[in-house]
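Rule-based calculations on the coordinates, nothing more; no lab input. Small disclaimer: the values here were computed from a predicted structure and weren't measured. Cβ sites come from the backbone with ideal geometry, for glycine too, and all protein chains shown count toward neighbours.
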There are 2 protein chains.
Amino acid sequence: MKLISGGVTAPKGFSASGIYAGIKKKRKDMALVYSDIPAKGAGTFTTNVVKAAPVLWDIKLTRESDNIQAIVINSGVANACTGEEGNKNNFIMAETVANELKLPVNAVYTASTGVIGKQLPIEIIKNGIPGLVKELDSSIKAGTIAAEAIMTTDTYSKECAVSCNIGGKEITIGGMAKGSGMIHPNMATLICVVTTDASISKELLQEALSEDVKYTFNMISVDRDTSTNDSLLILANGKAGNEEITEKNEDYHTFCKALNTVTTKLAKMIAADGEGATKLIEVTVKGAGSREEAAALSKSIISSNLVKAAVFGNDANWGRILCAMGYSGVDFNPYTVDLVIESEDGSLQLVKDGMATDYSEKTATKILSAKEVKAIADMKQGTAFATAWGCDLSYDYVRINADYRS
Amino acid sequence: MKLISGGVTAPKGFSASGIYAGIKKKRKDMALVYSDIPAKGAGTFTTNVVKAAPVLWDIKLTRESDNIQAIVINSGVANACTGEEGNKNNFIMAETVANELKLPVNAVYTASTGVIGKQLPIEIIKNGIPGLVKELDSSIKAGTIAAEAIMTTDTYSKECAVSCNIGGKEITIGGMAKGSGMIHPNMATLICVVTTDASISKELLQEALSEDVKYTFNMISVDRDTSTNDSLLILANGKAGNEEITEKNEDYHTFCKALNTVTTKLAKMIAADGEGATKLIEVTVKGAGSREEAAALSKSIISSNLVKAAVFGNDANWGRILCAMGYSGVDFNPYTVDLVIESEDGSLQLVKDGMATDYSEKTATKILSAKEVKAIADMKQGTAFATAWGCDLSYDYVRINADYRS
């Protein structure tokens, strides 16, 4: 398996586009991803009871439609808490794309991201779609433009791609995602599109995706707010020509590994670009009784405002890490826990058996001052481990969210 | 029932003191509350797996000791994650107080608040205790001094008292508390001491307290971090001379109502003085299917970073409120929810049946600019209700917590 350049247009048969339609004040605000032949579609979606109109639409399509060929996305307005009018506007968005591309409407996934509670400016969207379709292009650059068009408060676009060999054929998986606030995924993230030219059954595509998010997108947090619009969508068009994956054989596991590389990379990019973030925090909990417990512990640490504020201040206030583990819902003996922090500037053990080592605060501050900081907690109670990603809590998080709409 | 001045020294037979022993750099750091006759003791404590040494001690005493007569508290160091040495130091603190007051050691509750992971400076504490005992005084002012001595990042001390008639006798309940970070109580808050001269059995005292915290201290959040040191302690010395309350009769309910007035007032003071807070947010969810659901919904709203940051910015971003309700774990129909905001500057309906009304953003901003802001969500699905209290998320929360230890 190797990392290659590009994103959603890296696999064979996919094209993309991004335009400025006029929903937002200045930046690009609509994107389209298109497979030139029908593809299998799968998705994972927010568990929030309040689900945006496009989420409801995509859940229905994932269940009912065997062929998906396009994904249309707008940024600026989330189309959540918009009632029947919201559902109608969402349908018009899908239908307009379907008409332009000469597809049935149930071949078009939709996604929206932005302010909750406002209706889509549907005329602007309808007027934008012909241009969006006209701009469709299979170049790497077109994928990047699409990744830019789905950004909200993101400071950079997020895409990546890998290729690997399945049954003698080179298959490619590419993806794009956006963050960067209201991030505490509970099935997926807000919003990620993955494309692949691999041939795989719809059932296994869904299963691979559902299993994958547990330890990728579901292991990141920016602010503990699970969004109304979380959607992770994947299209597999089979153009690589491999024999269709219909059982959990070696091909399936190779596919899962490649998918995991793409989703992990995108998840980390979202965490690192969390609203106001100055650094990426990676927390690994090892030596746990089960992977679920390791995941709950690491995610609790990554979600703590107090831990995040301390990391922002380069302060090795490890008591807050043990405190966050303590309210994670996992039962454990605090007096077997070891804790190490790490970055490109070194490694330092802060805690041994639940109590402070005689570490140097100066060294700790130096390690925490790096752009990527790791914390590794060893429970010494088993062999399971899990990793979660988040970011620090800065003044800019407050600034961005105190006047998001103005 | 009437509000009276004072705090822990308001009830008959209680005295208190607060001194600067030298644990902190400048401010007072030790407090003592004393009943001149043996009292019944009860408490509720953090559910965090990582429990501070004084919490473990108080849990044991609450179970085993029938007579409590003193509560000694230090601020500056939490005595959490301190192992056997921490337990030993905690015992020495209780024992030194017991010796000075000529009490058995198991008549002395302890509490500590401050940095996690540091050992208590036990010599400083031992040297401080004789002065602390000498300063004991039953005046209102002595109660206030004790309330000041337990503060950490609090900007003001918190105390209140009420009196009421039980069986022809005037009984009094007084209390003091400290906040103001690591506040997401899950049994109590960090730290509250309540005193009363009412006569009540130990069992009913504990039951009254345990029931009370569910809708008082457990309904506030500053930063979603449940502390290692949460302790709510109550002493009842019977000096009011009422017939002992031993069953759930009218006297019991009068007692509970008076207790609730004290704890609600203290809980709101803690929320309003949350780290960096510029305003108190009160959220009531009504028309819910059950009180538990109303509590989960209102607490989810009050805990959302995005809601808190929007209120800091006086931005009526109500979509974040519905989003927070949506991930509370409660199932509901978003399209029956109404939402009103209120303050001394007016009242405004933002949402009807899950969607925006045609409200004026200017009016909304004016209402949100007050020092106390209310949001009332009506689920229109039942008759239950609950109220939660929190505060906004400001730059100062980040500043305070980025360099708490320095």
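General remarks:
- Our summary of shape: the Cα atoms of the stretch B:1-133 have principal axis extents of 42, 34, 31 Å, ordered from largest down, in whole angstrom.
- The 3J(HN,Hα) values that the Karplus relation (6.51, -1.76, 1.60; θ = phi - 60°) gives for the stretch B:24-34 are, in residue order, 8, 5, 10, 6, 4, 9, 9, 9, 9, 10, 9 Hz. Gly and Pro appear as x.
- Rounded to the nearest 20 debye, dipole of the protein assembly as shown from Cβ charges on Lys, Arg, Asp, Glu: 1240
- Sequence of A:64, B:244 once ranked by neighbouring C-beta atoms within 10 Å, starting from the fewest: A:64, B:244
- C-alpha center-to-center spacing [the stretch A:101-180, the stretch A:222-286] in angstrom: 16
- Compared with the direct C-alpha span, the chain from residue A:122 to residue A:383 gains 88.7 nm at full extension, assuming 0.36 nm per residue.
- For residue A:134, a cut-off of 27 angstrom between C-alpha atoms picks up these lysines, skipping any fewer than 8 places away in its own chain: A:12, A:24, A:25, A:26, A:28, A:40, A:88, A:102, A:126, A:158, A:178, A:239.
- Cα-Cα pairs of the stretch A:285-368 separated by more than 17 Å (percent): 47
- Relative to one another, the C-alpha centroids of the stretch B:293-313 and the stretch B:1-29 are positioned 32 Å apart.
- Straight-line cross-link reach from residue A:380 at under 21 Å between alpha-carbon atoms covers these lysines, not counting any fewer than eight positions away in the same chain: A:286, A:299, A:352, B:51.
- Neighbour counts of other Cβ atoms within 10 Å put B:355, A:219 in the fewest-to-most order B:355, A:219.
- Nearest chain A C-beta to the A/B rotation axis, reported as residue and distance in angstrom, is A:395, 2.
- Fewest-first ranking of A:105, A:97, using other Cβ atoms within 10 Å as the exposure measure: A:105, A:97
- Size check on chain B: the Cα extents along the three principal axes, sorted descending, read 69, 53, 35 Å.
- Karplus (6.51, -1.76, 1.60) ³J(HN,Hα), θ = phi - 60°, over the stretch A:350-364, in Hz, Gly and Pro reported as x: 8, 10, 10, 6, x, 10, 4, 7, 8, 7, 8, 4, 5, 5, 4
- Couplings for the stretch A:290-305, taken from phi via the Karplus curve 6.51 cos²θ - 1.76 cosθ + 1.60 with θ = phi - 60°, read 8, 5, 4, 5, 4, 5, 5, 5, 5, 5, 5, 5, 5, 8, 6, 4 Hz in order; Gly and Pro are left as x.
- Between the residues A:272, B:382, A:166, the greatest Cα displacement towards the positive end of the dipole of the protein assembly as shown, with unit charges on the Cβ of Lys, Arg, Asp and Glu, is found for A:272.
- All Cα-Cα distances of the stretch A:5-70, cut into 10 Å bins from zero to the largest, leave 17, 35, 39, 8 percent in each bin in turn.
- In this structure the amide hydrogen of residue A:115, modeled in the peptide plane, comes within under 5 Å of the amide hydrogens of A:76, A:77, A:78, none closer than 5 places in sequence on its chain.
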